[in-house]
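Data block below; observations after.
What follows is calculated from the coordinates using simple rules that are stated; it is not laboratory data. Note that this is a predicted model, so its numbers are computed, not measured. Positions of Cβ are generated from backbone atoms using ideal geometry, with glycine treated the same way; all protein chains shown enter the neighbour counts.
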DNA sequence: CATGAATGAGTGTTCATTCAT
DNA sequence: TATGAATGAACACTCATTCAT
């Protein structure tokens, strides 16, 4: 399963020149999208930024949506490979949750401009809304498994459905990240990590 | 002072006919916005829906933004006056939180189309982003006061900052509402109310 | 012969109130035309300035052209009655010419804004171009008679046709006035009077 | 530096086709402007006349003003290179002045429609008013030098300031040309040339 | 006579997309 | 493959004019 969904519209170029041009467009698109936002980005800005002619665009992409999907796929790759900072004791559930939240928030910080973009596009285009949900789902499911495991081991409360709780708590962290890095709430990063972690742990009644 | 901020754009009409026409436009705008979304809504659709000429629009509003602001102000009024379903025991903190969450989720359900619209517009227009944050802030602050009060009374944990916790938990509920009513997650309403309430209560260590 | 030509479109109001309203519109029109120019003046600006409703305009005038014609007629009256500053010796042809030029230039100075307006309108509307020419013609003809007289008396050269010379010399003074008062050439007023007078006199070979 | 002042608005096209299209637009604009006047000329008329689509206009010009400036620059070039009809004896000042006046009047006759257009635009648009004044200034200055020279040589009277006299007399000729070719005064061309020349010469007291 | 709301024709401008070279 | 000129649909906005009250 890829991030592009069914968006791979045109076959990839075979010649070296073609590959180069496509990449130039892709890089340029990312620059322009992050600078101007999705709606305000004009294809001509992208081609100009890429240093290619307007017509060349259509050799590689069918339109704005398609190149955005391609950028999304590319950035998505980056985002899925977080730099692991420190090893955590896998047997310490709190440490694992803290590390997970920290990784998410760091990823968000690093890609804040892009996350805002994703947000913009999601609110406009149904297709990207679905894509975004799919991406989030991976995170949600991993957390759901973790919660289920903790419940099985009697560490977390069984009062809540693991999947629903995961969705809600994952959403909580995601929304907090949005508030800090897009809306610009003036919160200290470390305090934020600690607070979401504590709320998460408490919410599952793991504190004792 | 209302939700419009500095959006009071044209003096309100004085004659009965003028007021009637302005209202027709306002109702029509709401219908069209909720049906087509902000971006796809054309002024001509609004005037047609209202049964007035294209030119008449400008007698009352300066453009799409302005009429949207006016619709927002109107709907905002509605949203701020929830029908109170049942009295809750003000001395039972859990009951109060449950009632608050239920009221929010019911408001969101009732105005789902509009909330989605607000979401769309916020991601597009800086001005509405601010307006939306202001609105959210009211909710956040009320909850912050409540949390602080519970902390003072030793009912809730003092491990977290009341304002930050309020922001995060309020965001959690808001995001959950978005997931259910806009994204369309297939969650049972009552279960959702119970789950967010439980997670909230646990998060503040109020369970015991 | 009036300045309005065939522009008297609507019969004058009979009631006192009607006369008052018409005058308010006329004054307002003059203010707005001189402030904004003919093209940029909107009827609504005129009615607003006059403190009457938009609809009332059509009770008295058929449109922008018509009210401009009315303003023109009014101002034309003013312009034709110059304040005579000093008596000149009618037997001294140079003094007469100087007085005539001075009177013209003073009139132009006093009505500079209006003359510019007239200029604007003339270049736009054929009808006003004719009107303006008619007005100028009065000046030209008076000068032509004067020149003819001087020629008859042997004071001015008979090398030139009196009517043609009058047109050209009158045009010279008119253009000089335009250059000073509309274009804004930085010329001393008295020097200008003297210079045009001297050139005029010399041109007719009257110096000796 | 040319007549366009700071009006060089879009980079000139590089390809042959681009140059051709731009020229088609330019020619069409001139036709339409001279036919309909500046105000009544619609861009769509220009593109239709040029045989290109409405959108193509904006590939080369930013709007009506800009294409007019371009037309003006082009026609200005033409106008500045008069066909010299006959050599005049440079030592005969009267012959030189006559030749200059004739050249001016012939230029005006040849470009009457355009001069009227320039007149219209000048009365509407500040920017073109300045441009027109600049153009006139060149003519004025040349004449001022000539007058100064004649004064130095004792051929012309020193009673008048050479620059002011030049402005006024140049304006006289210009206004006469306007009266004949735009207003339509029924004057014989040769008589006009002779009369303005004689008045000019007399005005400077050069007759003896 | 006065009001002011309602009308609707008219046009400039943008920009994704195509296609001849 | 690359170019960049050409296309044309689409829509907001203004304002003179009308007319019911």
- Item | the stretch C:16-71, Cα convex hull volume normalised per residue, Å³ | 63 Å³
- Angle, helix B:112-124 long axis vs. longest principal axis of chain B, Cα atoms, 0 to 90°, nearest 10? 80 degrees
- Query: Hey, for residue D:110 with labels 7 Å out along Cα-Cβ, what do the inter-copy distances come to in nm, ordered shortest first?
  - Reply: 4.5, 7.3, 8.1
- Task: Distances from residue D:12 to the same position in the other copies: list them in nm, one decimal, shortest first, using label points 7 Å from Cα along Cα→Cβ.
- Result: 4.6, 6.2, 6.2
- Mind jotting down the three principal axis lengths of the stretch C:29-105 based on Cα atoms? Whole angstrom, largest first. 57, 21, 19
- Rounded Å value of the spacing that divides the Cα centres of the stretch D:133-189 and the stretch A:117-142: 76 Å
- Per-residue average of other protein chain Cβ atoms inside 10 Å, peptide B:113-120 -> 1
- Cα convex hull of the stretch C:54-146, projected area averaged across orientations, nm²: 7.4 nm²
- Volume per residue, Å³, of the convex hull around the alpha-carbon atoms of chain A? 138 Å³
- Item | Span per principal axis, largest first, for the Cα atoms of the stretch B:82-203 (Å) | 43, 30, 24
- Task: Report, for residue A:42, each distance to the same residue's label point in the other copies, shortest first and in nm; define the point 7 Å along Cα→Cβ.
- Result: 2.1, 2.4, 2.8
- Note on the structure: Taking Cα pairs closer than 8 Å and at least 6 residues apart, the relative contact order of the stretch C:15-146 in percent is 21 percent
- Task: Please report the orientation-averaged projected area of the protein assembly as shown, defined via the convex hull of its C-alpha atoms, in nm².
- Result: 51.9 nm²
- Query: Counting only other chains, what is the mean number of Cβ atoms within 10 angstrom of the Cβ of each residue in peptide D:161-173?
  - Reply: 6
- Between residue A:158 and residue A:135, what is the FRET efficiency for a Förster distance of 25 Å, r being their Cβ-Cβ separation, to the nearest 0.05? 0.30
- Order of B:87, A:107 - criterion: other Cβ atoms within 10 Å of each residue's Cβ, fewest first: B:87, A:107
- If R0 is 22 Å, what FRET efficiency do you get for residue B:106 and residue B:207 from their C-beta distance, rounded to 0.05? 0.35
- Message: I'd like the orientation of helix C:189-203 relative to chain C: the angle between its Cα long axis and the longest Cα principal axis, in ° from 0 to 90, rounded to 10.
- Response: 50 degrees
- Message: So if I average 1/r over every pair of distinct C-alpha atoms in the stretch B:106-157 and take the inverse, what Kirkwood radius in Å does that give?
- Response: 12.8 Å
- What's the FRET efficiency of residue A:127 with residue B:10 using the Cβ-Cβ distance as r and R₀ = 45 Å, to the nearest 0.05? 0.75
- Message: Averaged over its residues, how many other protein chain Cβ atoms are within 10 Å of peptide C:73-81's Cβ atoms?
- Response: 0
- Since chains A and D are linked by a rotation, which residue in A has the beta carbon closest to its axis, and how far is it in Å? A:55, 3
- Message: I'd like the orientation of helix D:126-152 relative to chain D: the angle between its Cα long axis and the longest Cα principal axis, in ° from 0 to 90, rounded to 10.
- Response: 20 degrees
